[in-house]
Amino acid sequence: MIIDLRSDTVTKPTKYMLETMMQAQVGDDVFSEDPTVNQLEKRLAKMFGKSRAVFFPSGTMANQTAIKLHTNPGEQVICDKYAHIYNYESGGASFNSGVSCRLLDGHRGMFTASQVVEAINPDAFYYSQTSLVEIENTTNKGGGACWDFSEILKIKEVCKANNLGFHLDGARIWNALVVKKESPQQYGQVFDTISVCLSKGLGCPIGSVLIGDEGIMKNAIRIRKIFGGNMRQVGYLAAAGLYALENHIERLSEDHKKAKELEKLLSELSYIKVVEPVETNIVIFELNNTIKEADFTQKLKEHNILIISMGSNKLRIVTHLDYTDDMHEKVLKVLKNLI
Ligand SMILES: *Cc1c(COP(=O)(O)O)cnc(C)c1O
């Protein structure tokens with residue numbers, strides 16, 4: 001039995017999810033005739049209090065489409081130095097939209113409204129025009145940290161005052177909603193566009209959705225087509241999303257509980273230097289110099305436990321739907337006795 005803690009994307013559909021997928025009504029989504037896709041899009045738009053949502057094959061494509069919708073070539077996007085759109089989307093912002101990223105030196109992937117104010121370029125022809133602010137909640141490279149909503153509201157004021165778009169990379173927004181007891185509507189009220197992933201904590205095999213109001217979303221389907229992301233009978237995949245929205249959100253608290261227990265154990269172990277505070281399902285930690293990173297991950301691998309390195313001596317564990325109580329007990333035991 002392999003215990004795969006590299007990411008929450010490694011989950012496989014549950015029996016019930018698969019059954020729901022098999023029974024989906026489908027049609028050609030390029031003609032907007034897939035009833036299940038239409039249902040998923042309507043459901044998510046309503047959930048976030050917006051008028052339009054569009055189904056995407058990946059979170060990367062949903063984010064890249066959002067950047068394209070908000071910007072013109074030569075303009076600038078403000079985001080954190082840890083941002084997924086900057087680090088893990090293959091330079092897509094420059095490739096697809098011809099924009100540059102102004103990176104903010106935030107804390108765990110989060111920054112303040114005053115940092116945004118300072119990063120906005122003055123209105124002179126020789127500057128790149130700032131047009132979009134992007135944040136991530138929860139933060140991936142920031143270790144699953146959740147934003148303080150009051151700071152988000154302050155940033156929104158800055159965006160309004162400076163006529164900037166505001167995009168949320170909500171790949172793991174579900175984890176934040178559960179932990180902070182926040183509502184999707186409150187996010188819908190603040191952001192112009194929101195991307196959400198169905199294939200992370202929610203356990204779907206594939207799928208992301210970009211949500212916004214009709215005005216900004218008018219061209220989303222055109223951009224998706226340009227990016228090669230229009231799909232046909234994908235109601236089977238949308239059905240997984242509908243099932244997950246119904247059944248897999250509340251249970252994220254179980255992933256969070258396990259991550260907290262891992263944090264507690266790791267922080268007591270002599271060979272661990274530091275564990276970043278755990279808020280959701282991501283645990284980031286550093287080893288002290290009694291053991292090399294490669295030796296540590298190899299030892300875990302010998303126990304069939306997989307984790308990944310984040311670079312700069314940081315290691316990452318992500319808990320998820322397929323990480324059972326039995327696996328958790330085994331991992332705690334192995335970590336305790338590893339060295
Ligand atoms: C996973 C992830 C995405 C999207 O990734 P895909 O693999 O393209 O679906 C976007 N943003 C963040 C923060 C993520 O963690």
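Can you find a residue that is touching a strand residue (DSSP E or B) at 6+ places or on another chain (Cβ under 6 Å) and hydroxyl-bearing (S, T, Y) anywhere in the range 10-17? Show your work before the answer.
Initially, the range 10-17 is screened for residues touching a strand residue (DSSP E or B) at 6+ places or on another chain (Cβ under 6 Å), giving 10.
Going one step further and asking which of them are hydroxyl-bearing (S, T, Y), we end up with none.
Checking the range 10-17: not a single residue is touching a strand residue (DSSP E or B) at 6+ places or on another chain (Cβ under 6 Å) and hydroxyl-bearing (S, T, Y).
Could you list, in sequence order, the residues of the range 164-201 that are within 13 Å of the ligand (Cβ to nearest atom), free of Cβ contacts under 8 Å to residues at least 60 places away in the same chain and part of a loop (DSSP other than H, G, I, E, B)?
Once the filter is applied, which keeps residues that are within 13 Å of the ligand (Cβ to nearest atom), free of Cβ contacts under 8 Å to residues at least 60 places away in the same chain and part of a loop (DSSP other than H, G, I, E, B), the range 164-201 yields only L198.
Go through the range 302-333 and give me each residue that's surrounded by 19 or more Cβ atoms within 10 Å (Cβ to Cβ), assigned to a strand (DSSP E or B) and touching an Asp or Glu at 6+ places or on another chain (Cβ under 6 Å).
V318
Is it the case that F48 is within 13 Å of the ligand (Cβ to nearest atom), under 18 Å from F191 (Cβ atoms) and not assigned by TED's automatic domain parsing to the domain that holds I307?
On the way: within 13 Å of the ligand (Cβ to nearest atom): no; under 18 Å from F191 (Cβ atoms): yes; not assigned by TED's automatic domain parsing to the domain that holds I307: yes.
So F48 fails the test.
What is the number of the single condition among (1) outside any loop (DSSP other than H, G, I, E, B); (2) buried (at least 23 other Cβ atoms within 10 Å of the Cβ) that D8 does not meet?
(1)
Considering each residue of the range 78-88, count those that are crowded, with 21+ Cβ neighbours inside 10 Å, within 10 Å of the ligand (Cβ to nearest atom) and either outside any helix (DSSP H, G or I) or polar (S, T, N, Q) (or both), and give that number.
Total satisfying the criteria: 2.
If I ask for residues that are at pLDDT 95 or above, of a type in the set (D, E, K, R) and within 19 Å of E263 (Cβ to Cβ), which ones from the range 289-335 would you list?
R316, D325, E329, K330, K333
Would you mind finding the one in S150, S208 that is without any contact (Cβ under 8 Å) to a residue 40 or more places away in the chain and hydroxyl-bearing (S, T, Y)? Steps first, answer last, please.
Details: S208 fails: without any contact (Cβ under 8 Å) to a residue 40 or more places away in the chain.
Selected residue: S150, the only one of S150, S208 that is without any contact (Cβ under 8 Å) to a residue 40 or more places away in the chain and hydroxyl-bearing (S, T, Y).
If we scan the range 135-153, do we find a residue that is among the hydroxyl-bearing types (S, T, Y) and crowded, with 24+ Cβ neighbours inside 10 Å? Write out each step before concluding.
Here is the first cut: in the range 135-153, the residues among the hydroxyl-bearing types (S, T, Y) are 138-139, 150.
Cutting the leftovers down to crowded, with 24+ Cβ neighbours inside 10 Å gives us 138-139.
Yes.
Do any residues in the range 6-33 that are farther than 22 Å from V318 by Cα and away from the ligand (no atom under 16 Å from the Cβ) have Cβ atoms under 7 Å from those of residues that are β-branched (V, I, T) and part of a loop (DSSP other than H, G, I, E, B), where the two are at least six apart or on different chains, and which pairs are they?
Note: pairs meeting the criteria are D29/V234.
Matching residues to (1) in contact with a Leu (Cβ under 7 Å, 6 or more places away or on another chain); (2) on the phi < 0 side of the Ramachandran plot; (3) of a type in the set (D, E, K, R):
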site: H248; (1), (2), (3): yes, yes, no
site: R251; (1), (2), (3): no, yes, yes
site: E254; (1), (2), (3): no, yes, yes
site: L269; (1), (2), (3): yes, yes, no
site: F296; (1), (2), (3): yes, yes, no
site: H320; (1), (2), (3): no, yes, no
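Can you tell me how many residues in the range 30-42 are under 22 Å from the mean Cα position of the chain (by Cα) and surrounded by fewer than 17 Cβ atoms within 10 Å (Cβ to Cβ)? Steps first, answer last, please.
Initially, the range 30-42 is screened for residues under 22 Å from the mean Cα position of the chain (by Cα), giving 37, 40-42.
Subset that is surrounded by fewer than 17 Cβ atoms within 10 Å (Cβ to Cβ): 42.
Result for the range 30-42: 1.
Residue by residue through the range 89-106, note down the ones that are assigned to a loop (DSSP other than H, G, I, E, B) and within 16 Å of the ligand (Cβ to nearest atom). It would help to see each step written out before you state the result.
Within the range 89-106, the first condition is being assigned to a loop (DSSP other than H, G, I, E, B), and the residues that meet it are 89-91, 98-99, 105-106.
Residues satisfying the conditions are E89, S90, G91, G106.
Tell me which residues, restricted to the range 19-29, are surrounded by fewer than 17 Cβ atoms within 10 Å (Cβ to Cβ), under 19 Å from A53 (Cβ atoms) and touching a helix residue (DSSP H, G or I) at 6+ places or on another chain (Cβ under 8 Å).
Within the range 19-29, the first condition is being surrounded by fewer than 17 Cβ atoms within 10 Å (Cβ to Cβ), and the residues that meet it are 19, 22-23, 25, 28.
Within this subset, residues satisfying the condition of being under 19 Å from A53 (Cβ atoms) are 25, 28.
The answer is Q25, and nothing else.
Scanning for something over 25 Å from C204 (Cα atoms), in a helix (DSSP H, G or I), out of contact with any helix residue (DSSP H, G or I) (no Cβ under 7 Å at 6 or more places or on another chain) and small (G, A, S), does the range 256-272 turn up at least one residue?
yes
Conditions first: (1) buried (at least 20 other Cβ atoms within 10 Å of the Cβ); (2) over 28 Å from V179 (Cα atoms). Q298 passes all but one, so which condition is the exception?
That leaves (1) as the condition not met.
The values are calculated or read from the model by the stated rules, or taken from the named source; none is laboratory data. Every value quoted in this text rests on a predicted model; they were computed, and no experiment measured them. With ideal geometry, Cβ positions are generated from the backbone for all residues, glycine too; neighbour counts draw on all protein chains shown.
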